[in-house]
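The values are calculated or read from the model by the stated rules, or taken from the named source; none is laboratory data. Everything quoted here is computed from the prediction, not taken from an experiment. Note: ideal-geometry Cβ built from the backbone for every residue, glycine included; neighbour counts use all protein chains shown.
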Amino acid sequence: MDKICVIGAGYVGLVSGTGLSEFGHNVICVDHDEEKINQLNDGIIPIYEPGLKSLVEKNYNNRLHFSIDISKAIKKSNVVFIAVGTPQKKNGETDLSFIDSAVNIIADNINDYKIICTKSTVPVGTGERIEKIILSKNKSTMFDYVSNPEFLREGSAVNDFMIPDRLIIGAKTSKAYNIMKNIYRPLYVNETPIMNTSIETAEMIKYAANAFLALKISYINEIANICEDVGVDVHEVAKAMGQDGRISPKFLHPGPGFGGSCFPKDTLALSYLGKKFNKPIKTIDAAIEVNNNQPMRMIEKLNILLDNKISGKKVAVLGLSFKPKTDDIREASSVKIIPELVRLGVTIHAYDPIAMKSFRNQFPDINYFESWEQAIRGTDACIILTEWNEFRGIDLKKVKSLMTTPVMLDTKNILSISKLKELEFKYDNVGRKFPI
Ligand code: UGA
């Protein structure tokens, strides 16, 4: 079994490191954030990710360790994964400073042959840059560089790690490829497709895949917008489209626009790359533009539901995270919509089953409630921004009885239109015409 060091105990590093320990390897997850490492050593998981806590507990101190001693962990390992953050500069370019500092520490601690493998999403050409940095500091060729992008979704990351659709291993030498393949042995014996590509191809695959999924969402959102005008149900359209195997039914759910730490950042990075090579990727630029407009369309809808008199109203916002089963609010529609509503003079009553702490840190001045019932009480309208199961099964009769006026904007299309009609809600959604 391999000795593995994972640099960066964020959601990619933590899930991957834990998953690799479950595969039987000895893993040390390292991070310069001492508080995070202390929490992990105390059994506290710093992120909300279903299934992660039990998997950490199962492997902790047996094959899974947490440490701040990055140099020691590198020296002890034969494979070093880089899973640090790659934030974005204002112009869309990727900020590689965390990658660079990880690579410099690695270069200083190569004491034996090692695989240096990047899991973070990095622009095409970063592998070459990493190799150069290591070689400039360490003249030995006692390493092989590998690009092994991850395809984990927040909220189902453990499952995605254990049962991936495919593995991409960008490796130059058969030695490196075979070591990597062996690391994922439990997967390839289960016949998970593995592709051995060049390093640059692996880097490009990640951006092309994420941007394509984002494009699909913007596409269905535009179709949804026009469906409203022509009196068509977008879900019927999406279902029929998805029955064509070439299209697939996934990622055709309309809504207030995509968010999270990946799609918004990766589409901008791909767009930046296109412009850099004087080959603008117009489809992705359009997907970004559509996504920027979509939250503002939701505000227009709410204003119309409130007879164009939104100022001074009390609005319950149900759902703050960028998707269910996570406490992540990065680029969530709530982050775009709530400040604009506040600017328009709306009093917000917010509730989310998991993400209120993260949201409160960023927006301390709005009103938070401990349940949807409390949040909704005495409000003039309600807007659903995240499709938590708790809201799918919400008791609409009770909702109506608690609100001042029964006005509902369901941006995730999770409520029953017939039930809303029956209860005489003033109602709107995305992509289905409904008399209001
Ligand atoms: C995404 C990819 O799905 C993963 O494969 C990838 O590994 C990850 O980015 C990453 O690069 O690390 P994630 O951002 O966790 O995963 O979440 P998704 O489930 O892809 O959802 C992203 C956004 O699109 C959410 O705001 C979601 O609500 C929205 N979405 C998704 C829609 O609006 N409609 C859909 O049909 C699907």
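Looking at segment 249-298 only, could you name the residues that are in a loop (DSSP other than H, G, I, E, B), within 11 Å of the ligand (Cβ to nearest atom) and either in contact with a strand residue (DSSP E or B) (Cβ under 7 Å, 6 or more places away or on another chain) or without any contact (Cβ under 8 Å) to a residue 40 or more places away in the chain (or both)?
Once the filter is applied, which keeps residues that are in a loop (DSSP other than H, G, I, E, B), within 11 Å of the ligand (Cβ to nearest atom) and either in contact with a strand residue (DSSP E or B) (Cβ under 7 Å, 6 or more places away or on another chain) or without any contact (Cβ under 8 Å) to a residue 40 or more places away in the chain (or both), segment 249-298 yields 249, 250, 251, 252.
May I ask you to list the residues in segment 355-365 that are in a loop (DSSP other than H, G, I, E, B) and crowded, with 18+ Cβ neighbours inside 10 Å?
355, 363
Inside segment 238-248, can you point out the residues that are out of contact with any Pro (no Cβ under 9 Å at 6 or more places or on another chain) and more than 13 Å from the ligand (Cβ to nearest atom)?
240, 244, 245, 246
Check every one of the helices (runs of 4 or more DSSP H) wholly within segment 1-107 and list those with 1 or more residues that are among the small types (Gly, Ala, Ser).
The qualifying helices (runs of 4 or more DSSP H) are 11-22, 52-59, 70-76.
Name the strands (runs of 3 or more DSSP E) wholly inside segment 119-205 in which the number of residues that are more than 16 Å from the ligand (Cβ to nearest atom), among the β-branched types (Val, Ile, Thr) and more than 21 Å from residue 25 (Cα to Cα) is 1 or more.
Ranges flagged: 194-197.
Output the residue which, of all residues in segment 311-327 that are closer than 12 Å to residue 355 by Cα and modelled with pLDDT of 95 or more, is farthest from the ligand (Cβ to nearest atom).
318
What about residue 133, is it at negative phi, over 28 Å from the mean Cα position of the chain (by Cα) and surrounded by fewer than 18 Cβ atoms within 10 Å (Cβ to Cβ)?
Yes; evaluated as a whole, the condition is true for this residue.
Take segment 206-227 and flag every residue that is away from the ligand (no atom under 11 Å from the Cβ) and either modelled with pLDDT under 95 or of a type in the set (A, V, I, L, M) (or both).
208, 215, 223, 226
Let me spell it out: the conditions are (1) within 16 Å of the ligand (Cβ to nearest atom); (2) over 22 Å from residue 321 (Cβ atoms), and residue 419 meets all of them except one. Which number is the exception?
Exception for residue 419: condition (1).
Tell me whether segment 224-239 contains one or more residues that are in contact with a Ser or Thr (Cβ under 9 Å, 6 or more places away or on another chain), surrounded by 16 or more Cβ atoms within 10 Å (Cβ to Cβ) and among the polar types (S, T, N, Q).
For segment 224-239, residues in contact with a Ser or Thr (Cβ under 9 Å, 6 or more places away or on another chain), surrounded by 16 or more Cβ atoms within 10 Å (Cβ to Cβ) and among the polar types (S, T, N, Q): absent.
Only one residue in 394, 337 is among the hydrophobic types (A, V, I, L, M, F, W, C), away from the ligand (no atom under 16 Å from the Cβ) and either assigned to a helix (DSSP H, G or I) or farther than 17 Å from residue 310 by Cβ (or both). Which one?
So the residue among 394, 337 that is among the hydrophobic types (A, V, I, L, M, F, W, C), away from the ligand (no atom under 16 Å from the Cβ) and either assigned to a helix (DSSP H, G or I) or farther than 17 Å from residue 310 by Cβ (or both) is 394.
Could you check, for segment 270-291, whether at least one of its residues is within 18 Å of residue 385 (Cβ to Cβ), buried (at least 20 other Cβ atoms within 10 Å of the Cβ) and in contact with a Leu (Cβ under 8 Å, 6 or more places away or on another chain)?
Within segment 270-291 (the criterion being within 18 Å of residue 385 (Cβ to Cβ), buried (at least 20 other Cβ atoms within 10 Å of the Cβ) and in contact with a Leu (Cβ under 8 Å, 6 or more places away or on another chain)), the answer is no, since none of the residues qualifies.
Looking at residue 340, is it under 22 Å from residue 378 (Cα atoms) and either of a type in the set (Asp, Glu) or crowded, with 22+ Cβ neighbours inside 10 Å (or both)?
For residue 340, the condition - under 22 Å from residue 378 (Cα atoms) and either of a type in the set (Asp, Glu) or crowded, with 22+ Cβ neighbours inside 10 Å (or both) - is met.
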